[in-house]
Every structure is written in C-alpha cells, then in structure tokens.
C-alpha cells in the first residue's frame, strides 16, 4: 500500500442518458468505474429493520449503487466517520482500502447492487471491529512515522 491511500470513500455521480423512452446509465470499467469489475452482487427483499455489513476489507475496491429504493451506509475510514444515503440509481458510494461499513434503513423496494474489483475472498475481510480499529491505527501510525 505504498502509493495507495489507507482508505478512501467518495460519492460518485453517474450520467444518465434520457429520452422520451426513459433513462439509461452505463457503467464501464476504467471509464466511470475506477477499476476492473470482477464481481457483482445485489441485496434485495431485505426484511424491515435488518442491518448488513459490519465488516471492512483490506484491499477490495467496491461501489455500492441503490438501483431501486434507498438505504443508508455508515462508513468509518482513515478520514473519520460518515453516513451516506443512497436513494437514486445515478449515485454510487466508492469504498477502497480499510473501510468499516454498516448498511441499514433499507426501504421495502431497495435493491442495492455492489461492484467489486475482485472475486470473493474471506481472507480480505475484517469482521471484528476491534481488529479493524487496531489495523487502521497501525496503518495511520506507520504512515505518519514514514512522513517524518
């Protein structure tokens, strides 16, 4: 992780092409998606009050897009804590590096699609919040030391 940030989270806006028939959004690797897409999955029919996520990744890059309905994604990264409401198919939440995520407030019609730059690997997951905090602190401390 020398040239790469420890973690990064940003909201992306995708351009829609529209005419009298409706709207279309095209997602293309290395164009409006900043990585090659290796995996796509989506959450739907989420029961009322359910919460998902509660993990971080070490290296995975992801973009979460609510293609129908809405949900809230709370993240914690090297930049701090932030909450994002995804409620339109032209908004995507980009997450890379060590980012803790918790997903909640799913609307009844929510379909949350996630694009990832790698296939599923349990080795990339951090499922314990204490381990996440320790790893993030360790990376932040090492980065600060190497800059001095």
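The values are calculated or read from the model by the stated rules, or taken from the named source; none is laboratory data. In this text the structure is predicted, and so the values were computed from the model without any measurement. All Cβ positions, even for glycine, are placed from backbone atoms using ideal geometry, and neighbour counts span all protein chains on display.
Residues in the stretch 20-44 that are part of a loop (DSSP other than H, G, I, E, B) and touching a strand residue (DSSP E or B) at 6+ places or on another chain (Cβ under 9 Å): 25, 26, 27, 32, 34, 35, 36, 37, 38.
A quick yes/no check of all residues on (1) under 25 Å from residue 23 (Cβ atoms); (2) surrounded by 14 or more Cβ atoms within 10 Å (Cβ to Cβ); (3) without any contact (Cβ under 8 Å) to a residue 24 or more places away in the chain:
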position: 36; (1), (2), (3): no, no, no
position: 41; (1), (2), (3): yes, no, no
position: 44; (1), (2), (3): yes, no, no
position: 50; (1), (2), (3): no, no, no
position: 55; (1), (2), (3): no, yes, no
position: 62; (1), (2), (3): yes, yes, no
position: 67; (1), (2), (3): yes, yes, no
position: 73; (1), (2), (3): yes, yes, no
position: 76; (1), (2), (3): no, yes, no
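The condition of being in contact with a helix residue (DSSP H, G or I) (Cβ under 6 Å, 6 or more places away or on another chain) and surrounded by 16 or more Cβ atoms within 10 Å (Cβ to Cβ) does not hold for residue 86. Looking at the structure I just gave you, is residue 7 out of contact with any strand residue (DSSP E or B) (no Cβ under 7 Å at 6 or more places or on another chain) and either surrounded by 14 or more Cβ atoms within 10 Å (Cβ to Cβ) or modelled with pLDDT under 95 (or both)? No.
Pull up the stretch 97-111, narrow it to residues that are modelled with pLDDT of 95 or more and within 11 Å of the chain's Cα centre (by Cα), then point me to the one that is nearest to residue 45 (Cα to Cα). That would be 103.
When the stretch 64-95 is filtered for residues that are at pLDDT below 95, in contact with a strand residue (DSSP E or B) (Cβ under 6 Å, 6 or more places away or on another chain) and not in a strand (DSSP E or B), only 78 remains.
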